[in-house]
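Student: After the structure tokens below, expect a handful of questions from me.
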Amino acid sequence: MLSPMTENDRYAPTPEDQFSFGLWTVGNPGRDPFGEAVRPQLEPAEIVCKLAQCGAWGVNLHDNDLVPFGSSAAERGRIVAAFKKSLRDAGMVVPMATTNLFSHPVFKDGAYTSNDPKVRAFALRKTMEGIDLGVELGARTYVFWGGREGSEADACRDPRTAISHMRDAIDFLCAYVKDQGYDIRFALEAKPNEPRGDIYLPTTGHMLHFISTLQHEEMVGVNPEVAHETMAGLSFVHGVAQAMEARKLFHIDLNAQRIGRYDQDLRFGSEDLKQAFLLVRLLEGTSGGQRYGGPRHFDAHAYRTEDQAGVWEFARGCMRTYKILVERALSFDSDPEVRDLVAEHNDAEIDPALTGYSREKADRLRALDLDADALGRRGCGYERLDQLMIEHMLGVRPA
Ligand code: GLT
Ligand code: MN
Ligand code: MN
């Protein structure tokens with residue numbers, strides 16, 4: 001039994017919302033390091049059909065979520081043709097694709113950063129084939145999550161070599177895309193640890209700098225994940241904002257996570273509701289900034305306690321919470337008291353303007369009458385502002 005959803009439900013997902021799920025997310029059978037699967041493995045066609053019924057717009061995949069590792073060309077052809085038909089039947093798209101560079105034992109000590117050039121060659125070739133598959137299915141974004149690109153015994157390689165191998169790989173693959181004439185961009189996804197003791201380029205900030213060192217940096221952005229940045233104890237909202245400001249937010253992995261835990265990949269909004277609210281507010285631009293235009297991808301899975309019905313409940317919950325938070329963010333940002341409080345501290349102008357150095361400006365700055373003690377005595381009013389935010393989140397404002 002699915003939760004009730006009426007025709008005129010204002011939180012019902014629509015294609016304009018661009019909600020997507022990975023095959024591996026709702027297809028997660030609940031296996032963990034301590035226990036076996038608790039749910040049967042679903043076929044991709046069934047996932048596509050059920051996701052469409054839940055109101056999702058897109059489905060994402062790793063190469064091997066669809067085409068099992070080692071399939072022949074003929075098998076691949078059959079599988080891909082059948083999958084395309086299920087997409088057509090369900091009216092679903094594939095906005096993003098990626099490569100599994102972590103499951104097979106060949107990648108146990110890394111893929112692009114392996115010390116062994118044969119492993120690096122295998123990883124590059126697998127990615128080229130994965131890109132071909134993604135493009136064939138219509139994907140416009142190709143994600144790189146280097147789960148095995150890390151170490152436990154750190155003396156095994158100079159981390160600088162790992163970074164430079166990573167750069168060689170991404171440069172090579174960008175050139176491959178250009179050479180093939182594909183219309184697809186790359187999005188790099190950071191994670192601090194798990195499954196490796198430490199993973200190279202552990203946060204979105206590290207990725208942003210790394211991107212600036214690439215040959216084709218214009219075609220590479222980031223795919224930040226709530227859980228991964230939160231594992232590192234960082235503000236996800238700040239990381240995403242930095243990516244947006246740099247015009248590098250190409251994709252996003254939405255889920256929920258508590259600090260200090262393993263990668264929980266929980267239902268969006270199920271933990272740290274305040275960060276979730278601020279994130280939706282940022283992505284939707286309700287406070288006036290530019291709106292993020294890409295897919296809202298849920299990289300999460302249902303609790304291991306759930307049966308199959310619970311999985312679809314989980315999927316609908318992710319989308320529903322997102323839309324509720326959009327509504328709450330709009331209500332917060334249109335509240336006159338909120339606007340006044342924010343404006344009070346934001347719209348002060350000063351002469352000389354503090355951008356663009358000139359010697360003349362520096363002299364005028366020196367001559368300015370600035371009373372640091374008076375400025376320091378002024379309250380910011382943020383207790384009131386934050387309380388108003390809580391009240392909007394809890395739905396008690398506007399009354
Ligand atoms: C894996 C990982 C995710 C990544 C996926 C893309 S694979 O499920 O935990 O965070 O986004 O490779
Ligand atoms: Mn992810
Ligand atoms: Mn994760």
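The values are calculated or read from the model by the stated rules, or taken from the named source; none is laboratory data. Worth saying up front: this structure is predicted, and the values here are computed from it rather than measured. We place every Cβ from the backbone using ideal geometry, glycine too, and count neighbours over all the protein chains shown. Just the protein is used for accessible areas: all its heavy atoms, side chains included, with ligands, DNA and RNA removed. Shrake-Rupley method; radii C 1.70, N 1.55, O 1.52, S 1.80 Å.
Here is a yes/no grid of residues against (1) open to solvent by less than 40 Å² (accessible area, probe 1.4 Å); (2) acidic (Asp, Glu); (3) part of a helix (DSSP H, G or I); (4) more than 19 Å from ARG10 (Cα to Cα):
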residue: SER287; (1), (2), (3), (4): no, no, no, yes
residue: GLN290; (1), (2), (3), (4): no, no, no, yes
residue: GLU327; (1), (2), (3), (4): no, yes, yes, no
residue: ALA353; (1), (2), (3), (4): no, no, no, yes
residue: LEU375; (1), (2), (3), (4): no, no, yes, yes
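Student: Now for a different question. Condition first: away from ligand 2 (no atom under 16 Å from the Cβ) and under 18 Å from PRO195 (Cα atoms). Now tell me which residues in the stretch 215-235 satisfy that. Steps first, please.
Tutor: In the first step, residues of the stretch 215-235 are kept if they are away from ligand 2 (no atom under 16 Å from the Cβ); the result is 215-220, 233, 235.
Selection gives GLY233 alone.
Student: Applying the selection to the stretch 332-351, what residues are of a type in the set (Val, Ile, Thr) and part of a helix (DSSP H, G or I)?
Tutor: Applying the first criterion (of a type in the set (Val, Ile, Thr)) to the stretch 332-351 yields 338, 342, 350.
Of everything in the stretch 332-351, those that are of a type in the set (Val, Ile, Thr) and part of a helix (DSSP H, G or I) turn out to be VAL338, VAL342.
Student: Hey, among PRO95, PRO105, which residue is open to solvent by less than 20 Å² (accessible area, probe 1.4 Å), of a type outside the set (Asp, Glu) and closer than 27 Å to ALA187 by Cα?
Tutor: On the way: PRO105 fails: open to solvent by less than 20 Å² (accessible area, probe 1.4 Å).
Result of the check over PRO95, PRO105: PRO95.
Student: Sticking with this structure for a sec: On the given criteria, is LEU273 open to solvent by 20 Å² or more (accessible area, probe 1.4 Å) and more than 16 Å from ligand 2 (Cβ to nearest atom)? First the steps, then the outcome.
Tutor: Details: open to solvent by 20 Å² or more (accessible area, probe 1.4 Å): yes; more than 16 Å from ligand 2 (Cβ to nearest atom): yes.
Here the answer is yes, as LEU273 does meet what is asked.
Student: Can you tell me how many residues within the stretch 29-84 are among the polar types (S, T, N, Q) and farther than 30 Å from TYR262 by Cα? Let's see the steps before the verdict.
Tutor: Filtering the stretch 29-84 down to residues among the polar types (S, T, N, Q) leaves 41, 53, 60, 64, 71-72.
Checking the rest, the ones that are also farther than 30 Å from TYR262 by Cα come to 53, 71-72.
Summing the residues that are among the polar types (S, T, N, Q) and farther than 30 Å from TYR262 by Cα in the stretch 29-84 gives 3.
Student: Further, regarding this structure: Can you name the residue in the stretch 48-66 that is surrounded by fewer than 22 Cβ atoms within 10 Å (Cβ to Cβ) and among the polar types (S, T, N, Q) and, of all such residues, is nearest to GLU16 (Cα to Cα)?
Tutor: Among those residues, the one meeting the criterion is GLN53.
Student: With respect to the numbered conditions (1) open to solvent by less than 60 Å² (accessible area, probe 1.4 Å); (2) within 20 Å of the chain's Cα centre (by Cα), which one is the sole condition not fulfilled by ALA169?
Tutor: So the condition that ALA169 fails would be (2).
Student: So, one more: Which residues, counting only those in the stretch 259-270, are part of a loop (DSSP other than H, G, I, E, B), more than 12 Å from the chain's Cα centre (by Cα) and within 16 Å of ligand 1 (Cβ to nearest atom)?
Tutor: Going through the stretch 259-270, the residues part of a loop (DSSP other than H, G, I, E, B) turn out to be 259-265, 267-270.
Adding the requirement that they be more than 12 Å from the chain's Cα centre (by Cα) leaves 259-264, 267, 269-270.
Within the stretch 259-270, ARG261, TYR262, ASP263, GLN264, ARG267 meet the criteria.
Student: Restricting attention to the stretch 229-258, which residues are touching a helix residue (DSSP H, G or I) at 6+ places or on another chain (Cβ under 8 Å), over 21 Å from GLY58 (Cβ atoms), within 16 Å of ligand 3 (Cβ to nearest atom) and part of a helix (DSSP H, G or I)?
Tutor: Answer for the stretch 229-258, where residues must be touching a helix residue (DSSP H, G or I) at 6+ places or on another chain (Cβ under 8 Å), over 21 Å from GLY58 (Cβ atoms), within 16 Å of ligand 3 (Cβ to nearest atom) and part of a helix (DSSP H, G or I): GLU229, THR230, PHE236, GLY239.
Each row is one residue, and each column tells you yes or no for (1) over 21 Å from PRO195 (Cα atoms); (2) open to solvent by less than 20 Å² (accessible area, probe 1.4 Å); (3) not in a loop (DSSP other than H, G, I, E, B).
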{"residue": "TYR11", "(1), (2), (3)": "yes, no, no"}
{"residue": "GLU16", "(1), (2), (3)": "yes, no, yes"}
{"residue": "GLY30", "(1), (2), (3)": "no, yes, no"}
{"residue": "PRO68", "(1), (2), (3)": "yes, no, no"}
{"residue": "ALA81", "(1), (2), (3)": "yes, no, yes"}
{"residue": "LYS85", "(1), (2), (3)": "yes, no, yes"}
{"residue": "ASP89", "(1), (2), (3)": "yes, no, yes"}
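Student: Pairs, please: C-beta under 6 Å, at least 6 apart or cross-chain, first residue under 11 Å from TYR11 (Cβ atoms) and in the stretch 309-323, second in a helix (DSSP H, G or I) and among the charged types (D, E, K, R)?
Tutor: Within 6 Å, no pair qualifies.
Student: In the stretch 236-270, which residue that is surrounded by fewer than 23 Cβ atoms within 10 Å (Cβ to Cβ) and of a type in the set (Asp, Glu) is farthest from ligand 2 (Cβ to nearest atom)?
Tutor: GLU245
Student: Any residue at all in the stretch 307-323 that is surrounded by fewer than 21 Cβ atoms within 10 Å (Cβ to Cβ), assigned to a loop (DSSP other than H, G, I, E, B) and more than 15 Å from ligand 1 (Cβ to nearest atom)?
Tutor: Yes - at least one qualifying residue is present in the stretch 307-323.
Student: Just give me the residues in the stretch 187-205 being within 16 Å of ligand 2 (Cβ to nearest atom), free of Cβ contacts under 8 Å to residues at least 40 places away in the same chain and either acidic (Asp, Glu) or not in a loop (DSSP other than H, G, I, E, B) (or both), in sequence order. Even if it seems obvious, please write down each step before you answer.
Tutor: Applying the first criterion (within 16 Å of ligand 2 (Cβ to nearest atom)) to the stretch 187-205 yields 187-196, 199, 201-204.
From what is left, the residues that are free of Cβ contacts under 8 Å to residues at least 40 places away in the same chain are 190, 202-204.
Across the stretch 187-205, the qualifying residue is only THR204.
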